[in-house]
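Accompanying notes for the structure given below.
The values are calculated or read from the model by the stated rules, or taken from the named source; none is laboratory data. Note that the coordinates shown come from a computational prediction; the quantities given were computed from them, not determined experimentally. Cβ sites come from the backbone with ideal geometry, for glycine too, and all protein chains shown count toward neighbours. Areas reflect the complete protein model, heavy atoms only, side chains present, ligands, DNA and RNA absent. Shrake-Rupley method; radii C 1.70, N 1.55, O 1.52, S 1.80 Å.
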Amino acid sequence: MHSDEYNEKINRILESLGITCDLHATRLPLYLEAQELTIAEVGSNGNLHLMTPPAAKAWHSMKEAAAKDRLILEIVSAFRSIEDQVDIIREKIGRAMPIETILTLSAPPGFSEHHTGCAVDINTPGCVAREEAFENTDAFRWLTANAHRFGFTLSYPRGNRFGFIYEPWHWFFDAAKMNG
């Protein structure tokens, strides 16, 4: 899809959700959806977690390295389509959550790193998924010390420039950032 067409599509979606330009325009970059995806992991519930082939390869290497240190890393969420993001926002709107609050918790459709196939929400056994308590796990401490070796960085640290809540579980793969 041509970039002008993509921008128009995203603008129509945002308008349909009541998300105005002033609420999101300067906070997050626009992301294109990944075109090539592969299964990075099958969740315990049978969900297929998709990532781009390079991100999936890096994920497997990182997960294997963590396992050697006796840590279990699991994917909670990986690739998410524009439509999936729309559903997430609509569900929150349906619970009467103010759009300003929603946009501190979930990226607007078109602006989620999950669209790229390079973002992954990570958990470890014994921890509730997508909760700040993940920062108190050995898995988080290991990721903080080692994820950069595999090209992963923490996207939303405390006080991040995007105005998002702190998400110790959300990591983004960028091959250019491998090994530090």
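Taking the criterion of being of a type in the set (K, R) and exposed (fewer than 11 other Cβ atoms within 10 Å of the Cβ), would at least one residue in the range 26-47 satisfy it? Scanning the range 26-47, I find no residue that is of a type in the set (K, R) and exposed (fewer than 11 other Cβ atoms within 10 Å of the Cβ), so the answer is no. Can you tell me which residue is nearest to C127 (Cα to Cα) among those in the range 49-75 that are under 15 Å from the mean Cα position of the chain (by Cα) and open to solvent by 40 Å² or more (accessible area, probe 1.4 Å)? Here the answer is E74. Does A129 qualify as being surrounded by fewer than 20 Cβ atoms within 10 Å (Cβ to Cβ) and of a type in the set (A, V, I, L, M)? Yes. Quick one: in the range 136-148, which of the residues that are within 25 Å of P29 (Cβ to Cβ) and touching a residue at least 12 places away in the same chain (Cβ under 8 Å) is surrounded by the most Cβ atoms within 10 Å (Cβ to Cβ)? Taking the candidates together, the pick is L143.
For the range 101-113, residues that are in contact with a helix residue (DSSP H, G or I) (Cβ under 7 Å, 6 or more places away or on another chain) and either open to solvent by 40 Å² or more (accessible area, probe 1.4 Å) or under 21 Å from A56 (Cβ atoms) (or both) total 1. Of the strands (runs of 3 or more DSSP E) that lie entirely inside the range 46-129, those containing 3 or more residues that are under 19 Å from Y166 (Cα atoms) span 74-77, 119-123. Here G163 fits the description: closer than 30 Å to I13 by Cα, modelled with pLDDT under 95 and surrounded by fewer than 19 Cβ atoms within 10 Å (Cβ to Cβ).
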